[in-house]
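Single-structure report; data block below.
The values are calculated or read from the model by the stated rules, or taken from the named source; none is laboratory data. Here the structure is a predicted model, which is why all the values come from computation and not from measurement. Every residue, glycine among them, receives a Cβ derived from its backbone with ideal geometry; neighbour counts consider all protein chains shown.
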Amino acid sequence: MSHDNIRPSTQFNDEDSNRSGNPAFDEVLATRLSRRGLLRGGMGMAGAAALGGAATLAGCATASQAPLPAAVNTLGFTPVAKSLADVVMIPPGYSAQVIYALGDPLTAATPAYKNDGTDADFGNRAGDHHDGMEWFGLDAQGKPSDSATARGLLAMNHEATTDEKLSSFFIHPTGGASTLPRPAAEIDKELMIHGLAVVEVEGRGKQWGYKQTSPFNRRVTTMTEAALHGPARGSEHLVTKYSADATKCRGTLNNCGTGKTPWGTFVSGEENWYGYFFRDAKDDDARKKDKQVQALNRYGRKAGAASRHGWETGGTADMYARWNNGATAASARDDYRNEMNTFGYVVELDPYDARSVLRKRTGLGRFAHESVSFAKPVAGQPVVAYMGDDARGEYMYKFVSAAKWDPADAKPANRLAAGDKYLDKGTLYAARFKGDGSGEWLELSVNNPVIANSSYFEFKSDADVAIFTRLAADAVGATRMDRPEWGGINPRTGEIYMTLTNNSARTSSAADAVNPRVYTDMKGSKEQKGNVHGHIVRLADASPAGSSFKWDIYLFGAEADADKSSINLSSLTDENDMSAPDGLVFSPTTGICWIQTDDGAYTDKTNCMMLAAVPGRVGDGGPKAVMHKMADGSSKTVETRMGKAPTPATLKRFLVGPKGCEITGWCETPDGKTIFVNIQHPGEGTRMADVMDPSKFESQWPTNVGYGAGKRPRSATIVITKNDGGVIGT
Ligand code: FEO
Ligand code: CA
Ligand code: CA
Ligand code: CA
């Protein structure tokens, strides 16, 4: 959930604590461009197919070795119209099926999900809010396979839960308690619906299902032990009552985007973890001169901050007390003042080993991590990964490993040991964009005198940089961006694309070349301001480990009828207009760029969606003056760099989801013939007071298409195939 316009009382996803004076290139005055609400109707798109049918587990099929198709240059499907229907819409000629939804049992002994709030044992069930997802193939013998197309593991994030007034109301019988203290029995369930899952899936043609009894099935929750790795391991700032030597911690939380490492493991970004911690109003005093007070403020936890669910109120037991981020005892060894510092990392999991221990890779920095995108590794060169910090005005990052890539590590005997080799030692950089279309990577380590000698914050070591990464990026003057979400690497060019989902806090005075839009959009009678619909920036690195890059803006989200000089700069049409890009994944098979939305701005006209794109490369467009119309009738311009505008042939809508959902997570079988997509939080706009009245639910998906019991909406994974057995999108 990251909408800007619903339930301000539960907005834990748009944290906005960057008060640094980091650069803005052009000063422009406020835009007060009022937009007409009219949309052109009917563009002659063919009727799309609605998703239906319950999942059944098909028989076992063997892995095929189909040759990979050449990367596609045009998209071969009929675009799907914008839709407000409570179903998944896909192009004609495609089929979709629900295969794995909130609460589905992951062991033989776990009963079927009743979906009425009475279900328990969520540690053995699918978690909530399915998010980023990766495919890990299995051959017929159950061994890891790069070519398997009919059997594999989906490793995915269960980011959060649909909540209001503290409670995850759909998983409690009558909605749960909305006052403090929360009942322990409710908290116990909520602690287990967050985290990760590994689930085995199997299919033949269009019939897919998950395997309830697979020994690979696994949940990682807020309670699962994890090992701290990288420069922050052992730091005084990670000492807790649970781990006096700061080598371990518990759980992973609010996992959003994902990635797949070159050595074949799953990585996941911890995003809006800070919102789960309570901090007493007197905690600043209790901490006296602790430098972490500055960091707590910078990471969104001012003294007196309430927690999202009140988990700290479940009782005196450790499992509840750990969510109180206060200095309540004499020593950090006896309380959980540092517990929040054990979240905010990239975590690595070996999905093929259900007993393996989750590793927190602190070298990749601590912030509101979204996805992790690894550049194609080159023998003898460092391994490089790109990441975004999704909060208003936060930064883009790059990690460069100290170890040089050995191609033998593509199939290592010990996958997590390969992770240790490449992710535990390296250098983190933050991006600074310049108005001329160039940019530089700023080193975040105590080798950089700007950090070592900083008067802004005391960095004693690279452990401090790893834990207080935002402050290090502030110190070097990185560029404040419009909420960096997923990144993806174009397999044809090696260029990195990153979605900047929207920024309601972007002001005209801070508009700059790479975040150039500030305008007003109407949603019904409601004014929405800032960069309302988001954009996608792309970077061409001079070399994998280099410190300079070139950039332009691939795409500006917009409504098709918006002004083309100030808002709809990419000339989007009814076939491809969109708002709030979030998920972004390139198919390694076809090179198609899949773009998914998590929108609250255009949802008066369409539910969230997924589009397919065939983009060009950095520099295929040119300079662009963005018009800012002023209240007094005058105008100002901000110079940006924009790529060649897409057309309906190179960017079109492939899917629209059910009501109240976000589309996120994408992976495919290596033949490109089957894709998996997550539908997160359908019915998110349902009010807690209406939990007993299905007629008032915003959505009843997926039970309204025949999947599962009850009428409460459930986050779920769907599988999409082409009816002629062809490659998706072609
Ligand atoms: Fe979980 Fe930034 O979206
Ligand atoms: Ca989002
Ligand atoms: Ca609008
Ligand atoms: Ca996201």
Practice item. Being polar (S, T, N, Q) and more than 15 Å from ASN18 (Cα to Cα) is the filter; apply it to the stretch 273-308 and report the residue that is nearest to the chain's Cα centre (by Cα). Key: SER307
Practice item. Answer with yes or no whether GLY117 is over 30 Å from SER371 (Cα atoms) and either touching a Gly at 6+ places or on another chain (Cβ under 9 Å) or within 16 Å of ligand 3 (Cβ to nearest atom) (or both). Key: yes
Check your understanding: Do you know which of the residues in the stretch 575-619 that are within 16 Å of GLU684 (Cβ to Cβ) and among the β-branched types (Val, Ile, Thr) is farthest from ligand 2 (Cβ to nearest atom)?
Key -> THR606
Point to revise | strands (runs of 3 or more DSSP E) lying entirely in the stretch 323-375 (those with 2 or more residues that are within 16 Å of ligand 1 (Cβ to nearest atom)) | key: 346-349, 369-374
Review point. Does the stretch 611-623 contain at least one residue that is surrounded by 24 or more Cβ atoms within 10 Å (Cβ to Cβ) and within 16 Å of ligand 1 (Cβ to nearest atom)?
Key: no
Review point. Which one is nearest to ligand 4 (Cβ to nearest atom) among residues in the stretch 490-530 that are assigned to a strand (DSSP E or B) and within 15 Å of ASP552 (Cα to Cα)?
Key: THR499
Point to revise | Complete set of residues in the stretch 524-546 that are surrounded by fewer than 24 Cβ atoms within 10 Å (Cβ to Cβ) and closer than 30 Å to LYS376 by Cβ | key: LEU539, ALA540, ASP541, ALA542, SER543, PRO544, ALA545, GLY546
Review point. Residue check: is GLY619 at positive phi and modelled with pLDDT of 95 or more?
Key: yes
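Let's see how each residue does on (1) more than 26 Å from the chain's Cα centre (by Cα); (2) within 16 Å of ligand 2 (Cβ to nearest atom):
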| site | (1), (2) |
| --- | --- |
| THR664 | no, yes |
| GLY672 | no, no |
| ASN678 | no, yes |
| GLU684 | no, yes |
| MET688 | no, no |
| PHE697 | no, no |
| VAL705 | yes, no |
| ARG712 | no, no |
Exercise for review: Please state which of the following conditions SER566 fails to meet, knowing it meets all the rest: (1) crowded, with 19+ Cβ neighbours inside 10 Å; (2) within 25 Å of the chain's Cα centre (by Cα); (3) more than 23 Å from MET609 (Cα to Cα).
Suggested key: (2)
Practice item. Answer with yes or no whether ALA402 is away from ligand 2 (no atom under 16 Å from the Cβ), surrounded by fewer than 21 Cβ atoms within 10 Å (Cβ to Cβ), over 26 Å from the mean Cα position of the chain (by Cα) and in a helix (DSSP H, G or I). Key: no
Review point. So which of THR161, THR149 ends up being at pLDDT 95 or above, closer than 29 Å to VAL677 by Cβ and surrounded by 23 or more Cβ atoms within 10 Å (Cβ to Cβ)?
Key: THR161
Practice item. Just give me the residues in the stretch 482-523 being among the hydroxyl-bearing types (Ser, Thr, Tyr) and either buried (at least 19 other Cβ atoms within 10 Å of the Cβ) or within 16 Å of ligand 3 (Cβ to nearest atom) (or both), in sequence order. Key: TYR497, THR499, THR501, SER504, SER508, TYR519, THR520
Check your understanding: ALA631: away from ligand 3 (no atom under 16 Å from the Cβ), without any contact (Cβ under 8 Å) to a residue 24 or more places away in the chain and of a type in the set (Gly, Ala, Ser), yes or no?
Key -> no
